[in-house]
Amino acid sequence: MTDAILVEGLTKVYKGRMGGEVAAVNDISFSVRQGEIFGFIGPNGAGKTTTIKMLLGLLFPTSGKAQVLGMPAGDIQTKERISYLPESPYFYEHMTAVEVLDFFCRLFKIKGKERKSKIDELLQRVGLAEDANRTLRQYSKGMLQRIGVAQALINDPDLLFFDEPTSGLDPIAHKDIQDLIISLKAQGKTVMLSSHQLSDVERVCDRVAIINRGKIVRIGDMNDLLSAGRTVITIAESSNELVEEIKPIAERITVDSGTVRIYVEADENVYKILDVVRAKARLLSVVPQKQTLEDLFVEIVREVRK
Amino acid sequence: MIIWAIAKTTMGDALRKKILQVFLVVAIGLIVMSFSFSSLSGFSTRSGAGTDLLLVKSFGMGLIALVGALMSLVMGVSLIPQEIERRTIYTVLSKPVKRYEFIIGKYLGATLTLAVNIFLMGIVFLVAVTLKAHWAVESLTATLPEMELKVSDVQVFDVKSVLGVVMIFLQFTVLSSVVLFFSVFLTPTVNFFMGMGVYVIGLLSTVTKTIAEAGEQGLTTPVIFLYKVLHIVMPNFDKYNITNSLLHSSEITNLTKYTIGMIIYSLIYSLVMMLLAIITFERKEV
């Protein structure tokens with residue numbers, strides 16, 4: 001099966017004012033398989049939106065290759081099968097929700113009755129049927145985001161690009177978008193999701209790429225990336241000597257009003273520490289913790305910055 | 001369908017621009033006010049009434065031309081930059097919309113907006129001229145019944161006035177195409193002044209032509225060459241300015257032929273500008 005997205009050595013260099021050059025995206029390569037939800041995360045200015053825009057043909061790469069659904073990025077025919085929800089989407093504010101969707105339907109050359117039923121169906125789906133005839137000027141941010149989602153679903157796309165879809169949304173709208181992405185996966189759609197909401201990405205994505213300063217620094221299946229975990233051992237009534245004894249095999253130790261928390265990565269070290277602790281302090285708890293995407297992200301970005 | 005959808009949206013957006021609405025209201029207000037204009041010679045003579053009407057006609061057409069120019073510039077400069085700034089362009093161009101369709105749609109939308117505005121001003125202008133003529137005739141008939149004056153004697157509403165308004169519209173279709181081309185790569189402020197520069201140079205086409213053809217004393221060859229280039233490249237807005245010819249017995253012998261010629265000129269010039277805009281926009285990053 002052809003990859004939904006194939007990127008090889010993609011680079012985007014901007015010319016600075018003083019004649020210098022800045023690589024917003026620097027020789028990145030990755031692929032997104034059909035039917036998967038692919039997380040694309042990174043700090044602000046890492047190159048996420050630039051990459052997505054190149055895949056949509058809004059920006060042109062300086063070098064490298066970008067294919068979307070087997071065709072070069074920006075191909076007009078391919079755009080019939082993809083959709084894009086930009087971060088904080090803006091629309092023509094003088095229009096009502098119905099008019100906006102009618103406009104976007106016309107861009108797909110959807111005709112007459114089909115257009116009308118499509119608009120009704122989309123408004124129902126995103127929960128805006130009641131507000132369909134209000135102008136967008138009167139809409140809240142969450143409602144605008146829902147219109148953004150509706151316009152992204154007009155053509156029943158095979159591949160969707162979501163750029164910060166939950167940014168600034170209330171918990172209900174946030175949950176709705178999460179559920180939408182999960183339902184899209186169930187329908188076999190491919191989604192490239194760029195978000196700072198790492199818990200969302202962890203929850204819905206099959207694979208993830210972390211981009212930092214224009215370079216992909218980690219990519220892989222979510223389960224593989226987050227397989228590493230740690231155990232937190234909490235003890236009381238310990239001594240400085242005990243802490244010093246444990247230090248070499250612990251990942252990190254914190255002391256707070258007599259309570260000592262020992263963070264341990266390897267299982268064998270957990271047993272070693274427990275053996276030592278049993279005799280010299282009071283054991284309060286032993287809690288195994290799974291590494292979160294946020295932990296991994298922070299760790300990787302800090303590591304790269306160092 | 002796509003071009004029309006973009007044009008309709010552009011027009012809807014532009015018609016709601018407060019500044020354009022202000023221009024329109026002020027222009028219509030001034031045209032209505034011109035109803036009370038009277039020349040120094042007053043209505044004591046037949047020629048006085050005629051002069052009055054000429055004043056209303058010249059003022060009306062001049063005003064429509066001025067407001068039309070401002071509207072073309074204000075609306076045109078933001079056609080593309082505003083789409084990028086508001087990010088509406090991302091959702092549009094990520095759909096199966098060819099870039100040339102976007103440009104043509106924007107231009108068509110701007111032209112339709114101009115047409116609506118100029119039509120509204122034109123209607124008020126023509127009504128003002130007609131009423132003024134009737135008023136003048138009634139006034140003169142009352143004071144000088146022996147003159148046996150008829151409405152037709154003082155050039156009431158005629159096709160020539162309509163043609164004058166059409167010419168104003170045509171010239172702004174050209175100016176809009178120039179400003180749209182600039183808006184692909186210039187900021188709105190720079191574009192406004194560039195567009196205004198083109199308009200003024202275009203209005204002074206007779207001057208640039210004279211210098212280009214005859215040369216002026218003390219001008220160097222490169223300067224004369226520059227005038228020649230200016231005369232060829234810049235749109236000849238002077239040719240649209242037929243108000244005087246229309247109001248004072250026409251210097252233009254065949255008005256129909258002249259009008260068709262100007263329509264063709266406008267079409268060709270606008271097409272060339274659109275082509276340049278499309279070529280530039282094809283490689284524009286948004």
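Taking the numbered list (1) of a type in the set (A, V, I, L, M, F, W, C); (2) out of contact with any Cys (no Cβ under 9 Å at 6 or more places or on another chain); (3) open to solvent by less than 10 Å² (accessible area, probe 1.4 Å) in turn, A:Ile154 passes all entries but (2). Residues that are touching a Pro at 6+ places or on another chain (Cβ under 8 Å) and open to solvent by 10 Å² or more (accessible area, probe 1.4 Å): does the range A:195-211 have at least one? No, the range A:195-211 contains no residue that is touching a Pro at 6+ places or on another chain (Cβ under 8 Å) and open to solvent by 10 Å² or more (accessible area, probe 1.4 Å).
Is it true that A:Gln151 is under 28 Å from the mean Cα position of the chain (by Cα), touching a residue at least 12 places away in the same chain (Cβ under 8 Å) and not in a strand (DSSP E or B)? Taking the combined requirement at face value, the residue satisfies it. The residues in the range A:213-237 that are open to solvent by 40 Å² or more (accessible area, probe 1.4 Å) and at pLDDT below 85 can be counted, and the count is 3.
Could we say that A:Lys65 is open to solvent by 10 Å² or more (accessible area, probe 1.4 Å), modelled with pLDDT of 95 or more and among the basic types (Lys, Arg) here? Here the answer is yes, as A:Lys65 does meet what is asked.
Scanning the range A:246-282 for residues that are among the aromatic types (Phe, Trp, Tyr) and over 35 Å from the mean Cα position of the chain (by Cα) turns up just one, A:Tyr271. Of the residues A:Ile119, A:Ile110, A:Ile82, A:Ile147, the single one that is under 18 Å from B:Tyr90 (Cα atoms), open to solvent by less than 30 Å² (accessible area, probe 1.4 Å) and more than 9 Å from chain B (Cβ to nearest Cβ) is A:Ile147.
Selection of helices (runs of 4 or more DSSP H) fully inside the range A:161-258 by the criterion of at least 2 residues being charged (D, E, K, R) and more than 24 Å from A:Ser31 (Cα to Cα) returns A:171-186, A:240-246.
Evaluating A:Lys48 against the criteria (1) within 9 Å of another protein chain (Cβ to nearest Cβ); (2) touching a residue at least 60 places away in the same chain (Cβ under 8 Å); (3) of a type in the set (Lys, Arg) leaves one unmet condition, (1). Would you confirm whether or not the range B:43-66 contains a residue that is modelled with pLDDT under 95, among the charged types (D, E, K, R) and crowded, with 19+ Cβ neighbours inside 10 Å? Looking through the range B:43-66, at least one residue is modelled with pLDDT under 95, among the charged types (D, E, K, R) and crowded, with 19+ Cβ neighbours inside 10 Å. For B:Asn117, the conditions (1) within 30 Å of B:Val198 (Cβ to Cβ); (2) at pLDDT below 85 are fulfilled apart from (2).
Taking the range A:88-107 as the range and being in contact with a Ser or Thr (Cβ under 6 Å, 6 or more places away or on another chain) and more than 8 Å from chain B (Cβ to nearest Cβ) as the test, only A:Thr96 passes.
Let's see how each residue does on (1) in contact (Cβ under 8 Å) with a residue 40 or more places away in the chain; (2) within 14 Å of chain B (Cβ to nearest Cβ); (3) among the β-branched types (Val, Ile, Thr):
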| residue | (1), (2), (3) |
| --- | --- |
| A:Gly9 | yes, no, no |
| A:Val13 | yes, yes, yes |
| A:Val22 | no, no, yes |
| A:Ile28 | yes, no, yes |
| A:Arg33 | yes, no, no |
| A:Phe38 | yes, no, no |
| A:Gly57 | no, yes, no |
| A:Ser63 | yes, no, no |
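The values are calculated or read from the model by the stated rules, or taken from the named source; none is laboratory data. Just so you know, these numbers come straight off a predicted model, no measurement behind them. When we count neighbours, we look across all protein chains shown, and the Cβ atoms used for this are built from the backbone with ideal geometry, even at glycine. These accessible areas exclude ligands, DNA and RNA; they are computed on the full protein's heavy atoms, side chains included. Shrake-Rupley method; radii C 1.70, N 1.55, O 1.52, S 1.80 Å.
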